[in-house]
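The values are calculated or read from the model by the stated rules, or taken from the named source; none is laboratory data. These figures come from a predicted structure and were not determined experimentally. So basically every Cβ, Gly included, is an ideal-geometry build from the backbone, and we count neighbours across all protein chains shown. These area figures cover heavy atoms from the full protein model, side chains too; ligands, DNA and RNA do not enter into them. Shrake-Rupley method; radii C 1.70, N 1.55, O 1.52, S 1.80 Å.
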Amino acid sequence: MAIFLVEKLVDGLLVLDVRGQITLGEETGALRDKVKVLVEAGHSRIILDLAEVNYIDSAGLATLVQVFTSARKQGGDVKLLHLTKRVRDLLQITRLSTVFEIHDSLDSAKQSFGPPSSS
């Protein structure tokens, strides 16, 4: 199944709507490449909206960690938004829920970044 990535700029934050499955192959590569381009363009404060992600495999989890790490190296952060029960349970089982900040509303995710940095 294909992955669809739609980027939106909301109040200075990059919201990346992810739809489909995050699995080994083109899906993980597309997500990793998209975030790399965004971070290189100066968007290091990223919210991944996973409301339409119905499945993540181990390669997908590794990709989420890579995305998080690359943003952190640039002084930014990645937060997760609108997790399905299945994805939320997966992150809890793998203990990645202790790594990622998970939010149920866009307002909550936006506020968690604090005010924009003056760079």
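Scanning the stretch 94-101 finds one or more residues that are part of a strand (DSSP E or B), open to solvent by 30 Å² or more (accessible area, probe 1.4 Å) and touching a residue at least 24 places away in the same chain (Cβ under 8 Å). Of all the numbered requirements in (1) closer than 19 Å to residue 27 by Cα; (2) surrounded by fewer than 20 Cβ atoms within 10 Å (Cβ to Cβ), residue 73 misses one, and that requirement is (1). Which condition number does residue 82 fail, the rest of (1) loosely packed, with under 15 Cβ neighbours inside 10 Å; (2) closer than 24 Å to residue 111 by Cβ being met? With respect to (1) loosely packed, with under 15 Cβ neighbours inside 10 Å; (2) closer than 24 Å to residue 111 by Cβ, residue 82 is out only on (1). Note on the stretch 25-82: among residues that are at pLDDT below 95 and part of a loop (DSSP other than H, G, I, E, B), the one that is farthest from residue 112 (Cα to Cα) is 25.
For the subset of the stretch 1-58 comprising residues that are acidic (Asp, Glu) and over 14 Å from the mean Cα position of the chain (by Cα), which member is most open to solvent (accessible area, probe 1.4 Å)? Of everything passing the filter in the stretch 1-58, 26 is most open to solvent (accessible area, probe 1.4 Å).
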